[in-house]
Amino acid sequence: MVGAAPLDLAVQLKHDTLRARLRRDTRAAHERVDAAAGALDLTQVGHRARFVQAHARAYHALAAKGVTLDGLIAHRLARAARDADALGVKLEASAVESAPSLQGSEAALGVGYVLGGSHLGNRMLARDWPGESALLTDSRLGDHWRGLLPALRDHAATGARADRVLAAALDTFAVFERAFAAHR
């Protein structure tokens, strides 16, 4: 029945947590970023350099919008710099263009969802990185994620605020996608 889909989605959203909505509604963007990162062979130094450059570029974009996540963005930039130093690579200070929805009170939750949620994928990628990567072995991301879980569970999945959190998460994925595209 064609008319049933919007009602089914409305019922689903009513019972969803914000985390479930973000997972569902950012899936395509998440897969694009995963594909961009996954296209790099982290056993090769040049690919590791591109990986670090892309992350630094994305974190610079977030910082340029005033996103701090209680110092997590600066911390991640410092970790990228450690990896760059270990690789003998100079980090570019330029940022990719970021979107306006990364500003405002909901940005922290949307950006935090993307960054905090990456801690599990980072552990998988770390297996391919010879030696240790400061970016990929950063326990602070996992701590950040665990701190976000109550808000993601308890926050309504619908409404203007939830829509802005979703927009910030999608824009954060887009920042990383553009950063990886800039370092192909």
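Mind checking which residues of the range 88-105 are modelled with pLDDT of 75 or more and hydrophobic (A, V, I, L, M, F, W, C)? Of everything in the range 88-105, those that are modelled with pLDDT of 75 or more and hydrophobic (A, V, I, L, M, F, W, C) turn out to be 89, 91, 102.
Any residue at all in the range 88-95 that's of a type in the set (Val, Ile, Thr) and within 15 Å of the chain's Cα centre (by Cα)? No, the conditions are met nowhere in the range 88-95.
Looking only at residues of the range 107-165 that are of a type in the set (S, T, N, Q) and within 25 Å of residue 61 (Cα to Cα), we find that the one that is surrounded by the fewest Cβ atoms within 10 Å (Cβ to Cβ) is 139. When each of 121, 131 is tested for being more than 24 Å from residue 64 (Cα to Cα), touching an Asp or Glu at 6+ places or on another chain (Cβ under 8 Å) and among the small types (Gly, Ala, Ser), the lone residue that passes is 121. Looking across the range 143-181, not a single residue is in contact with a Gly (Cβ under 8 Å, 6 or more places away or on another chain), under 20 Å from residue 120 (Cα atoms) and of a type in the set (Asp, Glu). Note on the range 1-75: enclosed helices (runs of 4 or more DSSP H) holding 2 or more residues that are at pLDDT 95 or above are 18-25, 27-38, 45-64. All of (1) without any contact (Cβ under 8 Å) to a residue 60 or more places away in the chain; (2) of a type in the set (A, V, I, L, M, F, W, C); (3) closer than 21 Å to residue 36 by Cα hold for residue 64 with one exception: (3). Evaluating residue 170 against the criteria (1) of a type outside the set (Gly, Ala, Ser); (2) closer than 18 Å to residue 60 by Cα; (3) modelled with pLDDT under 95 leaves one unmet condition, (3).
The values are calculated or read from the model by the stated rules, or taken from the named source; none is laboratory data. Quick caveat, the model's predicted, so the values are computed rather than measured. When we count neighbours, we look across all protein chains shown, and the Cβ atoms used for this are built from the backbone with ideal geometry, even at glycine.
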